[in-house]
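**Student:** One structure, as structure tokens, below. Some questions next.
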Amino acid sequence: MPYLIVVYDVGADRTSKFLKYLRQYLVHVQNSVFEGEITAGQATTIENTLGEMVEPGESVVVYRMAGESYVERSVCGEDPMDDQQFL
């Protein structure tokens, strides 16, 4: 399954719209940064929807890896991903 990292830079008045949408699929790890393992279909849906949501002057960057095993991840401090095991 693909592993996505999504980073966005949108107007302050629109961040809640992106936050609400991305929380349906991914883990909110930092301001304007989400990540997680999802299905290929969900990855495509997310990319298409974000493309429709973005307005001129805004940007969304999606990093797609073949799977979590292809991501080397290190964290300094508390890891926001740890909270997901308790959902």
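**Student:** Hey, GLY11 hits all of (1) within 21 Å of ARG73 (Cα to Cα); (2) in contact (Cβ under 8 Å) with a residue 24 or more places away in the chain but one; which does it fall short on?
**Tutor:** Only one criterion is unmet by GLY11, namely (1).
**Student:** Sticking with this structure for a sec: I want to confirm something. Restricting to the stretch 26-36 and keeping residues that are surrounded by fewer than 18 Cβ atoms within 10 Å (Cβ to Cβ) and without any contact (Cβ under 8 Å) to a residue 40 or more places away in the chain, which single residue is farthest from VAL60 (Cα to Cα)?
**Tutor:** ASN31
**Student:** Restricting attention to the stretch 34-55, which residues are modelled with pLDDT under 95 and either aromatic (Phe, Trp, Tyr) or in a strand (DSSP E or B) (or both)?
**Tutor:** GLU35, GLY36, GLU37
**Student:** Moving to a separate point now. Any chance you could count how many residues in the stretch 1-33 are charged (D, E, K, R) and not in a helix (DSSP H, G or I)?
**Tutor:** Filtering the stretch 1-33 for residues charged (D, E, K, R) gives 9, 13-14, 17, 20, 23.
Applying the additional criterion that residues be not in a helix (DSSP H, G or I) yields 9, 23.
Total meeting the criteria: 2.
**Student:** Based on what the data block shows, is VAL62 of a type in the set (A, V, I, L, M, F, W, C) and either outside any strand (DSSP E or B) or modelled with pLDDT under 95 (or both)? Before you say what the answer is, go through the steps one by one.
**Tutor:** Working: of a type in the set (A, V, I, L, M, F, W, C): yes; either outside any strand (DSSP E or B) or modelled with pLDDT under 95 (or both): yes.
Yes; evaluated as a whole, the condition is true for this residue.
**Student:** Within the stretch 1-25, count every residue that is among the polar types (S, T, N, Q) and surrounded by 13 or more Cβ atoms within 10 Å (Cβ to Cβ). Full working, then the answer.
**Tutor:** So the first thing to find is which residues in the stretch 1-25 are among the polar types (S, T, N, Q), and the list is 15-16, 24.
Now restrict to residues that are surrounded by 13 or more Cβ atoms within 10 Å (Cβ to Cβ): 15.
So the count comes out to 1.
**Student:** Could you list all residues from the stretch 37-78 that are among the β-branched types (Val, Ile, Thr), loosely packed, with under 13 Cβ neighbours inside 10 Å and either under 14 Å from ILE5 (Cβ atoms) or touching a residue at least 40 places away in the same chain (Cβ under 8 Å) (or both)?
**Tutor:** Hits for the stretch 37-78 are VAL61, VAL75.
The values are calculated or read from the model by the stated rules, or taken from the named source; none is laboratory data. Treat the numbers as computed from the prediction; the structure is a model and nothing was measured. Counting neighbours? That spans all protein chains shown, and the Cβs are built from the backbone with ideal geometry, glycine included.
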